[in-house]
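These notes are about the structure you will find just below.
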Amino acid sequence: MTEIWELYKQGQWEVPFLTFSIYLFIVASLILYLIIVASRNGKIKRERLSKEYSTIIDKIMSAVIFEDVPFAEVKKDKNFLVLFDTSFFREVLTESLINLHKNYEGVYAQKLEHFYKDSGLIKDSFKKLKSLKWEVKCKGITELAEFNINEAFDQVIVYSKARKKTLKIVALNAAIKLEGTESIKYLVEHSDPIDDWMQLNIIGAFKKHDIGDREGIEHLLESQNTTVIALGLKLIKELKLTQKLPYVVHLADNTSNTIIKYKAQSLLQTLTP
């Protein structure tokens, strides 16, 4: 320690320190450059493969949808099997299936759902639910909901109480798509605050999936969570559920929360002829 202090007082440390700093900077810059180049090359390669795979997938999906070719027949192609063993090909294939499923209905949509199950891509989606990364969980949840995999509901609803807001919204939206008003009982018991952004997403999900006559939405007004009650009032207003007005009247007459009372009375004025 004394020697270092003496070296410091004599000023002999400056040259070695500056030399070391320069070398360190050069090495760090070189490593950073190599990382950037490798990352860029990786993205270029993925984009190129994605285009190549999309061409192959389009032909396969055309045969599946319009020629009733099952997955059992598709997998007889050895070239397809080689590609199917790669995770990136399955990822591109799943994205293509989702895009097609969004644009088709009826029998065509069912064919895509069967392909998703028969090919085992459904297993990839379930594996994503176990990922430690929230964005991967979101992807898995979205895939399962898109293909109406109702058996995934119990696993999906667990994430409606996640800390990450985006994951929570994705899970709630998926639950509504999968089980419709059955998901309401979980909302009633929801203990965490549901902010305005989440409420807008939930309302959007109900509108998008056109869930029957919304039987059970009135139960949201019975929740101990005031933000859930607020959500229920907004749903009744946005979906114009005039048949639910007796429940709103009961809420307005019995709640001790002045904000909720005001919102209920305001809703009554809006929907009452």
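Throughout, read-outs are computed from the coordinates displayed, never taken from laboratory work. Note that this is a predicted model, so its numbers are computed, not measured. No Cβ is skipped: glycine too gets one built from the backbone with ideal geometry, and neighbour counts run over all protein chains shown.
Between Rg and the Kirkwood Rh of region 45-133, both from Cα atoms, what is the Rg to Rh ratio?
Here Rg/Rh amounts to 0.96.
How much of the calculated P(r) for region 198-273 lies past 21 Å, in percent of all Cα pairs?
Within region 198-273, distances greater than 21 Å cover 19 percent of Cα pairs.
With θ set to phi - 60°, apply the Karplus curve 6.51 cos²θ - 1.76 cosθ + 1.60 along region 69-83 and write out the HN-Hα couplings as whole Hz, x wherever there is a Gly or Pro.
Result, ordered by residue: 7, x, 5, 4, 7, 4, 6, 6, 6, 5, 4, 5, 4, 4, 5 Hz.
For region 79-193, calculate the relative contact order in percent as a whole number, restricting contacts to Cα pairs under 8 Å that are 6 or more residues apart.
The value is 18 percent.
Using only Cα atoms, tell me the angle between helix 87-103 and the longest principal axis of the chain; keep it within 0 to 90° and round to the nearest 10.
30
If one puts a single equal scatterer on every Cα of the chain and applies the Debye formula without solvent, what log₁₀ I(q)/I(0) results at q = 0.07, 0.10 Å⁻¹?
At q = 0.07, 0.10 Å⁻¹ the computed log10 ratios are -0.45, -0.70.
Report the paramagnetic label zone for Ile259: residues of region 163-195 whose backbone N is under 15 Å from a point 7 Å from Cα along the Cα-to-Cβ axis.
192-195
Expected output is a single nm value to one decimal: the length gained when fully extending between Lys130 and Glu47, i.e. 0.36 nm times separation in residues minus the C-alpha distance. What is it?
27.2 nm
Between Tyr23 and Glu222, what is the spin-label point distance in nm, taking each point 7 Å from the Cα along the Cα→C-beta axis?
7.5
Percent of Cα-Cα pairs per 5 Å bin, from 0 to the last occupied bin, for region 145-248, please list those.
Result, from short to long distances: 2, 14, 26, 28, 19, 8, 3, 0 percent.
Magnitude of the Cβ-charge dipole of the chain, K/R +1 and D/E -1, about the Cα centre, nearest 20 debye?
Rounded to the nearest 20 debye, it is 400 debye.
Could you compute the net charge surrounding Gly120? Neighbours are other residues with a C-beta less than 12 Å from the C-beta of Gly120; K and R count +1, D and E count -1.
In short, +2.
So if I place +1 on the C-beta of Lys and Arg and -1 on the C-beta of Asp and Glu, and nothing else carries charge, what would the dipole magnitude of region 76-218 be about its Cα centre? I want it in debye, nearest 20.
That gives a dipole near 620 debye.
Based on the Kirkwood radius over alpha-carbon pairs, what is the Stokes-Einstein translational diffusion coefficient of region 100-143 at 37 °C with 0.692 mPa s viscosity, in µm²/s?
This corresponds to a translational diffusion coefficient of 293 µm²/s.
Can you give the direction-averaged projected area of the convex hull of the alpha-carbon atoms in region 15-78, in nm²?
Average of the hull's projected areas for region 15-78 equals 6.4 nm².
Evaluate the relative contact order of the chain (contact order divided by residue number), counting alpha-carbon pairs under 8 angstrom at least 6 apart; express in whole percent.
Across the chain, relative contact order equals 9 percent.
Applying the Karplus parametrisation 6.51 cos²θ - 1.76 cosθ + 1.60 with θ = phi - 60° to the phi angles of region 248-254, what ³J(HN,Hα) value in whole Hz is obtained for each residue in order, glycine and proline being reported as x?
Using θ = phi - 60°, the values come out as 5, 4, 4, 5, 4, 7, 10 Hz.
Mind grabbing the base-10 log of I(q)/I(0) for region 28-181 at q = 0.15, 0.20, 0.21 Å⁻¹? Debye formula, identical points on the C-alpha positions, no solvent, two decimal places.
Per q value, in the given order, log10 I(q)/I(0) is -0.87, -1.23, -1.28.
Go ahead and run the numbers for FRET between Asp77 and Val158, Cβ-Cβ distance against an R0 of 35 Å, rounding to 0.05.
0.35
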